[in-house]
Amino acid sequence: MNARRRFLSAAAIGGAALAAGPLLAQSTVPGSLLPTRGSVRPGPLPGNAPRAGGRFRPPTRLGLGGVAIGNGFAPSTDLQSEQTLEAAYAAGVRYFDTSPWYGLGLSERRFGHFLHNHAPGDYVLSTKVGRLLTATHTPPKTSWKDPSPFDYRYDYSAAGVRRSIEDSLQRLGVSQIDIVFVHDLAPSNGDIGERWPEYFEQAAKGAFPELTKMREEGLIKAWGMGVNDPEPALRCVAEADPDIFLLACQYSLLDHERALQQTFPRLAERGISVVVGSPLLAGYLVGRDRYLYSGSVPDWAPDKRRRVQAVCERHGVDLRTASLQFAIAPEVVAAAIPGARTAEQARANVASMGVAIPADFWAELRHEKLIAADAPVPAAS
């Protein structure tokens, strides 16, 4: 199936794709879907053109994140995960992100079970380092639902990075990993909290130069940090030579000014690109009663979401579509990686990339001060 037909098929199935219906999925049932609204323009997923002498970027600007497939928030079955990955791939997604942390190895195992059937050059895969897993009869208490039977320990040393990548390759059952992110080395990680500078020093002496060496050896194509706070990312830029950062919880339709004004310009100066993690705020922008991963919704968020949703209603756009297109609009952004628990959600994310959002929609958001005055938005079509 060619890219055009594949994309149209995804749009047509994207969860009652262009049907009217509730604008926010108020149900808390895992896997419920926000219907796609608006007219779809046919074509392949937006991509990143190769840059002569530039740092590596994934091919598609919409990827698939691996939290839900690692049993984040609710358990999923192996079959459901396989169907989700198959739907994303069939719809044109070619960038997949996972981590040893997600489900304590479960997400990597499920991603690998699907991806090992495809040639490595046909997709881009990123995973993470910083935690090493060891088998145990008593897994630690974590937020993961029904995780694999592993314990974990932090290790940002050079040897720890090599061991982590070898372990990931074993779990995945694939021949290569394209992008490696140094994971959760940030103050918001409750495990390390205020001690994050100590771990950063270990990474600066171990993980960072080792990943640079692996890139130079051709074992990986790019590396960076995968963090939920800007401080460690900016410090890494000052001390090392990263290529691409996974910045989760930092750039979304509801909350983006700090990243736009402070983080993105610093990275762009070095030619470093960004993968936007949690572009839907872990479900809040599709109607879930959770905001990111803390479990608590900020006081300001419900009113702002309600006001943005009212603008969506006036212009015939769904909030997921607006949020995903907003997330990939900045030039520094290489991809956004929403998660998906079901095949229908994966198709709906792809369908959102093909909706023609009217320029008046973005103009009204600016006028109502719901997005920053200088926030990039998709070009009118």
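Condition check for residue 141 on (1) free of Cβ contacts under 8 Å to residues at least 40 places away in the same chain; (2) basic (Lys, Arg); (3) assigned to a strand (DSSP E or B): one failure, at (3). One residue stands out among those in segment 242-272 that are surrounded by fewer than 16 Cβ atoms within 10 Å (Cβ to Cβ) and acidic (Asp, Glu): the one that is nearest to residue 195 (Cα to Cα), which is 257. The criterion of being in contact with a strand residue (DSSP E or B) (Cβ under 7 Å, 6 or more places away or on another chain), surrounded by 12 or more Cβ atoms within 10 Å (Cβ to Cβ) and without any contact (Cβ under 8 Å) to a residue 60 or more places away in the chain does not hold for residue 114.
Can you tell me how many residues in segment 210-225 are under 18 Å from the mean Cα position of the chain (by Cα) and in a helix (DSSP H, G or I)?
First, pick out the residues of segment 210-225 that are under 18 Å from the mean Cα position of the chain (by Cα): 222-225.
Okay, now just the ones that are also in a helix (DSSP H, G or I), so none.
Selection size over segment 210-225: 0.
State yes or no: is residue 379 aliphatic (A, V, I, L, M) and modelled with pLDDT of 95 or more? Spelling it out, it is not the case that residue 379 is aliphatic (A, V, I, L, M) and modelled with pLDDT of 95 or more.
Could you tell me how many of the residues in segment 144-162 are among the polar types (S, T, N, Q) and over 16 Å from residue 110 (Cα atoms)? Don't jump to the end; show me each part of the working.
Pass one, segment 144-162, residues among the polar types (S, T, N, Q): 148, 157.
Those left that are additionally over 16 Å from residue 110 (Cα atoms): 157.
Residues meeting the conditions: 1.
Within segment 240-260, count every residue that is closer than 20 Å to residue 308 by Cβ and modelled with pLDDT of 95 or more.
Here is the first cut: in segment 240-260, the ones closer than 20 Å to residue 308 by Cβ are 249-260.
Then keep just the ones that are modelled with pLDDT of 95 or more; that gives 250-260.
Summing the residues that are closer than 20 Å to residue 308 by Cβ and modelled with pLDDT of 95 or more in segment 240-260 gives 11.
Is it true that residue 226 is modelled with pLDDT under 95, of a type in the set (Gly, Ala, Ser) and surrounded by 15 or more Cβ atoms within 10 Å (Cβ to Cβ)? Here the answer is no, as residue 226 does not meet what is asked. Looking across segment 156-194 at every residue that is part of a loop (DSSP other than H, G, I, E, B), surrounded by fewer than 23 Cβ atoms within 10 Å (Cβ to Cβ) and of a type in the set (D, E, K, R), the one that is modelled with the lowest pLDDT is identified as 191.
The values are calculated or read from the model by the stated rules, or taken from the named source; none is laboratory data. Given the structure is predicted, the values throughout are model-derived calculations rather than measurements. Note that we place each Cβ from the backbone using ideal geometry, even for glycine, and neighbour counts take in every protein chain shown.
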